[in-house]
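Here the structure comes first, spelled out in structure tokens, and everything after it is commentary.
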Amino acid sequence: MWTFFYKMSSGRSFYQLSGRFIPFFALASMLLFAYGLVGGLWLAPPDFQQGDAFRIIYIHVPSAFLSLMIFSVMTFCAVLSLVWRIKMADLILQVSCPLGAWFTALALATGSIWGKPMWGTYWVWDARLTSELILLFIYFGVIVLSHTIPEERTAAKASAILTLVGFVDIPIIHFSVNWWNTLHQGDTLKIFSKSTIAPSMLHPLLAMIGAFAFFYGWMCLSRARSLCLLKDKRARWVEELVKSW
Amino acid sequence: MVSHFEQFLAMGGYAKYVWSAYGLGVIVIIGNGIYTARIKRDAIAKLKRRYRT
Amino acid sequence: MSRFTLAAGALCQRELLLLWRHKTNVLQPLIFYLIVMTLFPLALGHSAKLLARIAPGVAWVAALLSMLLSLENLFAKDHQDGSLEILLLSPQPLPALVLVKIFTHWLVTGLPIVLLTPLMALLMGMPDVSWHYLMLGLLLGTPSLSLVGAIGSALTVGLSSSGVLIALLMLPLYIPVLIFGSGLVVTAAAGLPVAGILAILGALLCLCIALAPLACGFALRVACQ
Amino acid sequence: MLTVTGLCTERDERALFENLSFTVNKGQLLQITGPNGAGKTTLLRTLATLYQPEAGQISFEGRSINAGDPNYCQSLLYIGHQAGIKAGLTVKENITWLCALQGGVPAAAPLREGLRALGLQDMQHSLAGSLSAGQKRKVALTRLLLTRASLWILDEPFTALDKASCDWLTQCLYQHSGAGGAVIFTSHQALTLEGITTLSLGEGGHDE
């Protein structure tokens, strides 16, 4: 396993390695998307309580899951970059940060759209939506920090530190927002609690989560590949590669 | 007799919400896909310019 | 006296001397706190019931913002005149020295805010039992605000105007302290037991004391590259 | 005393030097020369563990060191471009906190003697902000007299110094290297120092 990370540290091997993963990720995400959408929109019966509005779950839950998954990937890369100084980890962190922000925003938007038929208002200070909003702020913090520091190497290290600090903060926020929600217990009806879900509804959901995850892997690796080429543009292997195109 | 397709589109009266949510999903997914392709195209162009001249 | 207490004492003395010589920088955050606290009653009318209800939240937000003001040049001045490198190259552990610096910053900005709470309670017409809790909450909460803000200040030390940036970076970390701080007064006013919330505020403080100087040390080493 | 192996550093996409290796032993005066932007300051900062090199190993008295290594910092004195003087403090306060952070607080006698050697004794209580660049540099240099560090890394110590102070500084360097310490420094003025080795950082950074 350790040689894998060591190989990731040099630009060239990262380029080749990711080249092999990308087609697999792309294919898997498209297949799972097809199955998930068909399953979710047609095959799954409407929910007895919410009718067809529950189908928003097939976009909301995967993007919410992804927003946390991407942040864990970013934290893992931050540790790799700060402790073992693996250069490619900085690249993956810098690349997956906007993706994470997009999926968090998507989760927030679909969550509030889902709230409209349930409560009649778009925004409700429900514990999970609020935590999702604060997570979006953490993503913005990392993005803004990495874009404001001029020197590229310092920017990478600083955003890695901020990601680690953010990672420590997520459980604390989750805990304190839940406590805050019970303190000011308004009329929030628990719609997000996972009621026991029929298998025919569950399989498309798992497929969609897989599809989103593979899509993220696909986007992240291909963006990292392009940036890796630009980063090592002086290296000889890049020169040969460009000549071979 | 409302054809099966119209009934499907109606989404049991929640058409507005379901389709807007899916629309946003499509925008985010396709948008990021296009942006990735653009990053790749710019990188290749920049490298070509660097090594061709 | 061990080497470390010598260095820490010298650093603390240096910081206090510098702040004493530039008193205006110290007074600015406090004046901002006073302004905010006087503006709210003017804006929302002086009905005692309303003011008493919003007083803890307003006090906490005003404390948070005024501490943000003075955070910007916590490390930036040292970076400009090169004394940050001497801090990095000192044989004493860097997180400990950073903790000393943050403590002096809290002494100068956080403590006065805590001491001003009785005045604020008067202004906002808070019932006397709840402003004791507000004061206790601020006493436990403002050091964590200082520690967390220092991380933001260390991350943005090289940048020119980083005031708002620190607020954005450290907002998610301020939220738990804000929630439990103002929640403390609300539960106290409702007569519920508050031991649990005080324990959580204390736990947050210990977490910040343990992790924030480490993160600051790391960020400063990165910023000096 | 200090061995550097395989050091390579990049500075904003430009490789400054590729696997540079050299050793500095006791009593040696090493001058780093090279055109502007050749990476002299970066090399000094790397040796002082302020700058993290891309690759390479620095070991002090046999043991490899990384950032913030206590006993390496104990025996190292680094004076960079900026003098590290706080403008709001007086000269005396500046020196006390500088030495306290580095090691022991200087007793009154060596402090006064050091200031007199540099002609700063009457400016002891004036604010450092009111001093000229040369005087600020001299305040930083008083640390040389009061420190017990064996390795000195000085970045452009001779800049903004008048003739008398330059001679004093050269004298100080010789005295330190005579006592078994080592000095690594950079300087643009044409120095008439004998018995120093130079490391040129032109292209390639080969060791002369």
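The values are calculated or read from the model by the stated rules, or taken from the named source; none is laboratory data. What you see is a predicted model, and the numbers here were worked out from it, not measured in a lab. Ideal geometry is used to build each Cβ from the backbone, glycine not excepted, and the neighbour counts take in all protein chains shown.
Here are a few things to note about the model shown:
- Verdict on A:Leu136 being within 20 Å of A:Ile92 (Cβ to Cβ), in a helix (DSSP H, G or I) and at pLDDT 95 or above: no
Yes or no, residue by residue, for (1) crowded, with 18+ Cβ neighbours inside 10 Å; (2) under 13 Å from the mean Cα position of the chain (by Cα); (3) not hydrophobic (A, V, I, L, M, F, W, C):
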site	(1), (2), (3)
D:Leu29	yes, yes, no
D:Thr46	yes, yes, yes
D:Ile65	yes, no, no
D:Asn71	no, no, yes
D:Gly80	yes, yes, yes
D:Ala87	no, no, no
D:Val91	yes, no, no
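- Output for segment D:1-27, where each listed residue is assigned to a loop (DSSP other than H, G, I, E, B) and either in contact with a helix residue (DSSP H, G or I) (Cβ under 6 Å, 6 or more places away or on another chain) or surrounded by 22 or more Cβ atoms within 10 Å (Cβ to Cβ) (or both): D:Gly27
- Conditions (1) closer than 20 Å to D:Leu144 by Cα; (2) surrounded by 18 or more Cβ atoms within 10 Å (Cβ to Cβ); (3) of a type in the set (D, E, K, R); number of the one not met by D:Lys40: (1)
- Filter pass, D:Leu101 being under 25 Å from D:Ala182 (Cα atoms), in contact with a Ser or Thr (Cβ under 7 Å, 6 or more places away or on another chain) and within 8 Å of chain C (Cβ to nearest Cβ): yes
- Checklist (1) closer than 19 Å to D:Ala100 by Cα; (2) out of contact with any strand residue (DSSP E or B) (no Cβ under 8 Å at 6 or more places or on another chain); (3) charged (D, E, K, R) applied to C:Lys77, failing item: (1)
- Candidates A:Ile92, A:Ile70, A:Ile113 - the one that is of a type outside the set (Ser, Thr, Tyr), within 11 Å of chain B (Cβ to nearest Cβ) and assigned to a helix (DSSP H, G or I): A:Ile113
- Scope segment C:45-65; condition over 27 Å from C:Ala150 (Cα atoms), part of a helix (DSSP H, G or I) and not charged (D, E, K, R); matching residues: C:Ala48, C:Leu50, C:Leu51, C:Ala52, C:Ile54
- Considering segment B:3-17, the residues that are at the interface with chain A (Cβ under 9 Å from one of its Cβ atoms) and of a type in the set (A, V, I, L, M, F, W, C) include one that is surrounded by the most Cβ atoms within 10 Å (Cβ to Cβ), namely B:Met11.
- Within segment C:140-182, the residues that satisfy the criterion of being touching a Gly at 6+ places or on another chain (Cβ under 9 Å) and facing chain A (nearest Cβ under 7 Å) are C:Leu165, C:Leu168, C:Leu169, C:Leu171, C:Pro172, C:Leu173, C:Phe180.
- Exactly one residue among C:Trp20, C:Trp106, C:Trp60 is under 14 Å from the mean Cα position of the chain (by Cα) and within 14 Å of another protein chain (Cβ to nearest Cβ), and that residue is C:Trp60.
- Hey, C:Leu42 out of contact with any helix residue (DSSP H, G or I) (no Cβ under 9 Å at 6 or more places or on another chain), surrounded by fewer than 15 Cβ atoms within 10 Å (Cβ to Cβ) and in a helix (DSSP H, G or I) or not: yes
- A:Pro45 passes every criterion in (1) in a helix (DSSP H, G or I); (2) more than 10 Å from every other protein chain (Cβ to nearest Cβ); (3) not charged (D, E, K, R) apart from (1).
- Every residue from segment A:117-126 that is surrounded by fewer than 21 Cβ atoms within 10 Å (Cβ to Cβ) and either in contact (Cβ under 8 Å) with a residue 60 or more places away in the chain or among the β-branched types (Val, Ile, Thr) (or both): A:Pro117, A:Met118, A:Trp119, A:Thr121, A:Val124, A:Trp125
- For segment A:199-223, taking the residues that are touching a Phe, Trp or Tyr at 6+ places or on another chain (Cβ under 8 Å) and at the interface with another protein chain (Cβ under 10 Å from one of its Cβ atoms), the one that is farthest from A:Pro98 (Cα to Cα) is identified as A:Met208.
- Whichever residue in segment A:230-244 is outside any helix (DSSP H, G or I) and at the interface with another protein chain (Cβ under 8 Å from one of its Cβ atoms) and, among such residues, is nearest to the chain's Cα centre (by Cα): A:Lys233
- Condition broken by C:Leu27, with the remaining ones in (1) away from chain D (no Cβ under 11 Å); (2) farther than 27 Å from C:Ile179 by Cβ; (3) buried (at least 19 other Cβ atoms within 10 Å of the Cβ) satisfied: (3)
- Residue satisfying condition, being closer than 30 Å to B:Lys16 by Cβ, in contact with a helix residue (DSSP H, G or I) (Cβ under 6 Å, 6 or more places away or on another chain) and free of Cβ contacts under 8 Å to residues at least 40 places away in the same chain, within set A:Trp114, A:Trp102: A:Trp102
- Cβ-Cβ under 9 Å pairs, at least 6 apart or on other chains, segment B:18-45 side more than 9 Å from chain A (Cβ to nearest Cβ) and of a type outside the set (Val, Ile, Thr), far side part of a helix (DSSP H, G or I) and surrounded by fewer than 15 Cβ atoms within 10 Å (Cβ to Cβ): B:Trp19/B:Leu9
- Test: residue in segment D:148-164 that is polar (S, T, N, Q) and farther than 30 Å from C:Pro95 by Cβ: yes
- Some residue of segment D:55-70 being small (Gly, Ala, Ser), touching a Lys or Arg at 6+ places or on another chain (Cβ under 6 Å) and not in a helix (DSSP H, G or I): yes
- Residue match in segment D:83-92 (condition: within 7 Å of chain C (Cβ to nearest Cβ), out of contact with any His (no Cβ under 9 Å at 6 or more places or on another chain), at pLDDT below 85 and not in a loop (DSSP other than H, G, I, E, B)): no
- Qualifying residue in segment A:159-170 (condition: outside any loop (DSSP other than H, G, I, E, B), more than 7 Å from every other protein chain (Cβ to nearest Cβ) and among the small types (Gly, Ala, Ser)): yes
- Restricting attention to segment D:48-60, the residues that are in contact with a helix residue (DSSP H, G or I) (Cβ under 9 Å, 6 or more places away or on another chain), farther than 23 Å from A:Ile86 by Cβ and surrounded by fewer than 23 Cβ atoms within 10 Å (Cβ to Cβ) total 1.
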